[in-house]
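Novice: The structure that follows is given in the form of structure tokens.
None of the figures in this text is laboratory data; all of them are computed from the coordinates on show. All values derive from a computational prediction rather than experimental measurement. Virtual Cβ from ideal backbone geometry, glycine too; neighbours counted across all protein chains shown.
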Amino acid sequence: MRLRLLGTGSAAGWPNPWCSCASCAAAARQGVVRGHTSVLVDDRLLLDVGTEVARQALRQGVSLAGVEAVLVGHDHPDHHDVAAWRWRGWSAGTPRPLQLLAPPAVVDAARPRLDPTVTATAVRPGDVVSAAGYEVRVLPAAHGRPELGPAVLFDVTGPDGARLLYATDTAALPDAALAATVGRAYDAVLLELTGSGAHHLDLRTWPEQVAALRANGAVTDRTRVLAVHLGHDNPPPDELDRLLAAWGATAGRDGDVVELGDAPEARRGTSRVLVLGGARSGKSAHAERLLASEPSVTYVATAPARPGDAEWSARVQAHVDRRPASWTTVETGDVAAALRDATGAVLVDDLGLWLTRLLDDAAAWEDRSGAHAALDAALPPLLAAWSGSRRAVLVAPEVGGGLVAPTLGGRLFVDLLGTTTTALAAASDEVVQVVAGIPRRLR
């Protein structure tokens, strides 16, 4: 199966030509222009036919004359342009027979403009139909009012056995849609990321959907996961690319061609990310976001107990409240053991508190030789466990950038934290510094 992304943008495209927001300006500077989302499969099957799609195809040197079937998700103009059917009727000669598969509202809107070569079939969630040699399973979407369709998603299996989930537009997938995807092990998932709105996915709900699809076997390490239907409520294209990469995904671009083979290579490999940042920089939130698409995460909380400190308890509780319910929390100072024992992704927060516990246990805050001895004993096991991790994120505070600490304990902490962070950075696949909530990749 071959996918040509004729368009990857939302209803207003990205950038929106009427908009002067920072995201649109950045997309324009970077030369990343997206039109209405539409996918051409093997030059035979067209998914969505919005108002811009015909011109998008022509600009890519693609003819739609060979299309044998069109699948439309709902009756919004960026998905269904009724004028397209009149244009098709104006083509020279007799067009080849074509199937239109769409919800009842789309079929009703299109029917007065269809020529005799088009067979229109109204489909509903739960239907399984054949179109142009492809098996099409119709899934429910969570999008808009019922009179727009009701909106549906498509699970497409090609003659070669390749499977595609085309999920645009929708908010969080309905339970029936998730149930229908169990064990499907798709070769490609195209999932909308409009970025805002009650009927769309955003940077919080999109990775949650990917996590759910991973948990039920619909997305595997070999699945190509692409974000489509992208709009300006997302960060600039280069920033979005980096975030999606952490989720094992990419942002589709207009004109991309994706080949789906019988034995695709693994899309996700080992990844160890060290996240640095000062106090209240947003480093923990960024670290959590990096693992948001994982079906399960072990959260290693290194904070020591502080009985009677209400403000400290409130800080800890804020972190707890932010974690997804599916994550497992382990409160320990033995980070090496937690990394070794975890069966899935791991988030360690944070290295500074780990070092604090180490110095507390060794009673070495005022003993330079004792402090170094404690670190010399603890660091090699930590590095070995970190290096052996398949998918892990570790948060480390940045301290010592200003004045020299006035106490021996303060100076020891800064020195040892710097030594430990440097060693872990050398063993990391990626190092990110978060400043004022903005992540900056150092490596």
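Novice: What percent do you get for the relative contact order of segment 271-441 when only Cα pairs under 8 Å and 6+ apart count?
Specialist: Across segment 271-441, relative contact order equals 41 percent.
Novice: Report ³J(HN,Hα) in whole Hz for each residue of segment 25-35, in order, from the Karplus equation J = 6.51 cos²θ - 1.76 cosθ + 1.60 where θ = phi - 60°; Gly and Pro get x.
Specialist: Karplus values, whole Hz, x for Gly and Pro: 5, 5, 4, 5, 4, 7, x, 10, 10, 10, x.
Novice: Taking the Cα centre of segment 2-259 as origin, sum charge times position over the Cβ atoms of Lys and Arg (+1) and Asp and Glu (-1), and report the length of that vector in debye to the nearest 20.
Specialist: 340 debye
Novice: Now a separate question. Would you please classify the overall shape of segment 2-259 from the alpha carbon gyration tensor, given that a ≥ b ≥ c denote the square roots of the eigenvalues, rounded means a/c under 1.5, and beyond that prolate means a/b larger than b/c while oblate covers the rest?
Specialist: Verdict is oblate for segment 2-259.
Novice: Can you tell me the relative contact order of segment 2-259? Whole percent, Cα pairs under 8 Å, sequence separation 6 or more.
Specialist: That works out to 20 percent.
Novice: What ranking do 373-384, 196-207 get when scored by the average of other Cβ atoms within 10 Å per residue, highest first?
Specialist: So the peptides 373-384, 196-207, ranked by packing, come out 196-207, 373-384.
Novice: While we're here: For Cα pairs less than 8 Å apart in space and 6+ apart in sequence, what is the mean separation divided by the residue count of the chain, i.e. the relative contact order in percent?
Specialist: Relative contact order comes out at 13 percent.
Novice: Using modelled backbone amide H atoms (1.01 Å from N, in-plane), which distant-in-sequence or interchain residues come within less than 5 Å of LEU347's amide H?
Specialist: Amide H to amide H, under 5 Å and 5 or more residues apart or across chains, LEU347 pairs with THR298, TYR299, VAL300, VAL393.
Novice: Oh, and also: Given the rule -39500 (n - 2.57) for each run of at least 4 DSSP H residues, summed and divided by the residues of the chain, what is its mean residue ellipticity at 222 nm, to the nearest 500 deg cm²/dmol?
Specialist: One gets -9000 deg cm²/dmol as the mean residue ellipticity at 222 nm.
Novice: Same structure, new question: Under a crude label model (7 Å from the Cα following the beta-carbon direction), how far is THR117 from ASP376 in nanometres?
Specialist: 8.3 nm
Novice: Continuing with the same structure: Which whole-Hz couplings ³J(HN,Hα) result when phi for each residue of segment 238-248 is put into the Karplus expression 6.51 cos²θ - 1.76 cosθ + 1.60, θ = phi - 60°, listed in order with x for Gly and Pro?
Specialist: Along segment 238-248, the couplings run 5, 5, 5, 4, 5, 5, 5, 4, 5, 8, x Hz.
Novice: Can you give the charge dipole size of the chain about its Cα centre, rounded to the nearest 20 debye, using +1 on the beta carbon of Lys and Arg and -1 on the beta carbon of Asp and Glu?
Specialist: 700 debye
Novice: Another question, if that's okay. Are there GluC sites (Glu not before Pro) in segment 139-230 that DSSP marks as loop and that have at most 16 other Cβ atoms within 10 Å, and which are they?
Specialist: Qualifying residues, ordered by number: none.
Novice: A further question on this structure: Among ALA364, LEU339, PRO380, whose Cα lies farthest out toward the positive end of the dipole of segment 322-384, if unit charges sit on the beta carbon of Lys, Arg (+1) and Asp, Glu (-1)?
Specialist: Value computed over the given set: LEU339.
Novice: Still on this structure: Convex hull volume of the Cα atoms in segment 271-441, per residue, in Å³?
Specialist: Spread over its residues, the Cα hull of segment 271-441 gives 119 Å³ apiece.
Novice: Which label belongs to the value computed from this structure, given these candidates for Kirkwood radius over Cα pairs in Å: [x] 22.6; [y] 24.0; [z] 22.0?
Specialist: Identified label for the calculated read-out: [y].
Novice: On to the next question. For segment 1-123, give the magnitude of the charge dipole about the Cα centre (Cβ charges: +1 Lys/Arg, -1 Asp/Glu; no others), in debye to the nearest 20.
Specialist: 320 debye
Novice: May I pose another question? Which one, PRO17, LEU243, VAL136, projects farthest toward the positive side of the charge dipole computed for the chain from Cβ point charges (K/R +1, D/E -1)?
Specialist: PRO17
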